[in-house]
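Below is one structure. I have some questions about it.
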């Protein structure tokens, strides 16, 4: 029997020890992640925080987004326009979940969630209209980027090094060689 959004919200708010997603009506506990996974996420999170105007953007780990099919997914790193957060803050005690597209969603591949991310989460991020979706692979040392086009489709590219700038955050640069441990740092 599918779990309702109301039940999901109650579980997510009451169980402060675990992170929960709602995927197609089923509760899904996010498993603990490897050191490589966490290092890769921090390697993107910190430069985003340092380079973006935090009056305009929220940069965070474990941001929750809602999809058109009623699923709730927690990304590894997300950039949210501050205007979306301000809307939620208009009422005290609001469950923090974002319905509108965001400029950047980052997922880091892990053995426990890699297939789930690719098969379930990435198609939903694209349907939501998120502007850019990244999958970092800590073992292959690659970045796969899906960038939304004007017609609503997505272009995909695979990067193995160099400096990358998210298309909708042009003031941001991430040095993949440093992130992948190939450069100084």
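Every number in this text was worked out from the coordinates using simple rules, so none of it is lab data. The model shown is predicted, which means the values in this text are computed figures rather than measured ones. Because the Cβ atoms are built from the backbone with ideal geometry, glycine has one as well, and the counts that use them run over all protein chains shown.
Listing 37, 168, 62 from the residue with the fewest other Cβ atoms within 10 Å to the one with the most, what is the order?
62, 168, 37
Next question, about the same structure. Taking 0.36 nm per residue of sequence separation and subtracting the Cα-Cα distance, how much length would be gained by fully extending the chain between residue 1 and residue 85, in nm to one decimal?
27.0 nm
Here's another thing I want to ask about it. List the residues of the stretch 6-33 whose backbone N lies under 11 Å from a point placed 7 Å from the Cα of residue 69 along the Cα-to-Cβ direction.
Under 11 Å, as judged by backbone N against the label point of residue 69, lie 23-26 of the stretch 6-33.
Roughly what angle does helix 35-51 make with the longest principal axis of the chain, taking Cα atoms, 0 to 90 degrees, to the nearest 10?
On a 0 to 90 degree scale, this one is about 80.
Give me the distance in nm between label points sitting 7 Å out from Cα along the Cα-to-Cβ direction at residue 13 and residue 182, one decimal.
The two pseudo-label positions are separated by 4.7 nm.
Please report the antiparallel percentage of DSSP beta bridges with both residues in the chain, rounded to the nearest 5.
Here the share of antiparallel DSSP bridges comes out near 85 percent.
According to the square roots a ≥ b ≥ c of the eigenvalues of the Cα gyration tensor, what is the shape class of the stretch 26-129, taking rounded for a/c under 1.5, prolate for a/b larger than b/c otherwise, and oblate for the remainder?
Cα axes put the stretch 26-129 in the oblate bin.
So, one more: Please tell me the relative contact order of the stretch 108-173 in percent, rounded to the nearest whole number, where contacts are Cα pairs under 8 Å and at least six residues apart.
Computed over the stretch 108-173, the figure is 23 percent.
If you don't mind, another one. How many angstrom lie between the Cα centre of the stretch 14-45 and the Cα centre of the stretch 107-183?
Rounded to whole Å, the Cα centres lie 17 Å apart.
Go through (i) 1.31; (ii) 1.01; (iii) 1.16 and flag the label whose value is the computed Cα Rg over 2.2 N^0.38 Å for this structure.
Comparing each candidate, only (ii) matches the computed number.
For the chain, what is the calculated [θ] at 222 nm in deg cm²/dmol (nearest 500), taking -39500 (n - 2.57) for each run of four or more DSSP H residues and dividing by its residue count?
Calculated at 222 nm, the ellipticity per residue is -7000 deg cm²/dmol.
Further, regarding this structure: If you line up the long axis of helix 5-14 against the longest principal axis of the chain, both from Cα atoms, how many degrees apart are they, to the nearest 10?
Approximately 70 degrees, to the nearest ten.
Also, I was wondering about something else. Quick one: if you stick a label point 7 Å off each Cα along the C-beta vector at residue 173 and residue 51, how many nm between them?
Taking the simple label geometry, residue 173 and residue 51 are separated by 0.8 nm.
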